[in-house]
Amino acid sequence: MTFSEIATTAAVSAFSLVDPRDLDDETRRYYQAGSALTSVLALSTSNPTLRSTPALLRWGIKAGADAVGWWAADGRFDHWDTAVHEWIESKGSEHPRWWIAAGAAATMVGTFALDRALSRWESRAAWERELEETEEEDLFEPLHPRVREVLELLAPEELIQSEDVQEQINSATQLAFEPTYDSVVFHVPEESTRLVPFQQTWCVAGVFQRNGVEHEIRLMINDGLLGELVIYADDDAEVAFSSLNEWPAPSEITLMIESPTPVS
């Protein structure tokens, strides 16, 4: 339990120890004030979402709880309290108020536990709704024309059977809403013909110049499927493209084929 929950439980239990039959007019007013404050405290503790409501509405709700607490302690429920007190006393208890206080404390603890369980359930339900909405969104979109050009450039026919490459390129989509434009993540159907049986950096890279800095564009293969195109800059320079339209055209790219003797 949190500190506020413990404090609220203690306050409610303390007021339950008071026998309303022992109150005169002056002490009744103190009792009502304490009941009003305890009602506001219990409401605020058991409803943490109240803090996120607009200030005017929040204060209105608290004022209402305060009024209800004052009204309830004005003798309107004394006959119920007396009936419970006398019933416990009839069972042989010498301290019925202790039992009433214990019952009040147990009720508050149960309320807080229920609130926490409901909060977890609501959070879980919200998470599941968000997941369903995300799954229904189009997370992938058709290949950008410039991305397709680069893909086809990095997969020359003499290195791999062109039909396998074309099969993947034709069926590939790219992740939408890229946070940056120095990479593109692909999605290729699992039943596609694998280019290789494992993960690898493709053995053909594209080299191009941009703002006086040499850049290299690489294709990553994930489990034999087109995985990602990534652009690197030499000398730790920042790779900055505001859109995929700024990617290099095939005419700007020089292919670098990795072999025992590199060939450009």
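Just a few scattered comments:
- Total residues in the stretch 184-212, condition in a strand (DSSP E or B) and touching a helix residue (DSSP H, G or I) at 6+ places or on another chain (Cβ under 6 Å): 2
Condition check ((1) of a type outside the set (Ser, Thr, Tyr); (2) modelled with pLDDT of 75 or more; (3) closer than 14 Å to ALA101 by Cα; (4) open to solvent by less than 50 Å² (accessible area, probe 1.4 Å)) across all residues:
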residue	(1), (2), (3), (4)
ASP19	yes, yes, yes, yes
ASP22	yes, no, no, no
TYR31	no, no, no, yes
LEU37	yes, no, no, no
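- Within the stretch 60-93, the set of residues being outside any helix (DSSP H, G or I), open to solvent by 70 Å² or more (accessible area, probe 1.4 Å) and at pLDDT 70 or above comprises LYS91 only.
- In the stretch 238-258, the residues that are within 13 Å of LEU151 (Cα to Cα) and open to solvent by less than 40 Å² (accessible area, probe 1.4 Å) form Cβ pairs under 8 Å with partners that are not in a helix (DSSP H, G or I) and not β-branched (Val, Ile, Thr), at six or more places apart or across chains, as follows: TRP247/TYR181; TRP247/PHE241; PRO248/GLY206; PRO248/PHE208; PRO248/ARG210; PRO248/HIS215; ILE253/GLY206; ILE253/PHE208.
The values are calculated or read from the model by the stated rules, or taken from the named source; none is laboratory data. This structure is a prediction, so every number in the text was calculated from the model and none was measured. Note that each Cβ is placed from the backbone with ideal geometry, even for glycine, and that neighbours are counted across all protein chains shown. Remember, those area values only see protein heavy atoms, side chains included, never the ligands or the DNA or RNA. Shrake-Rupley method; radii C 1.70, N 1.55, O 1.52, S 1.80 Å.
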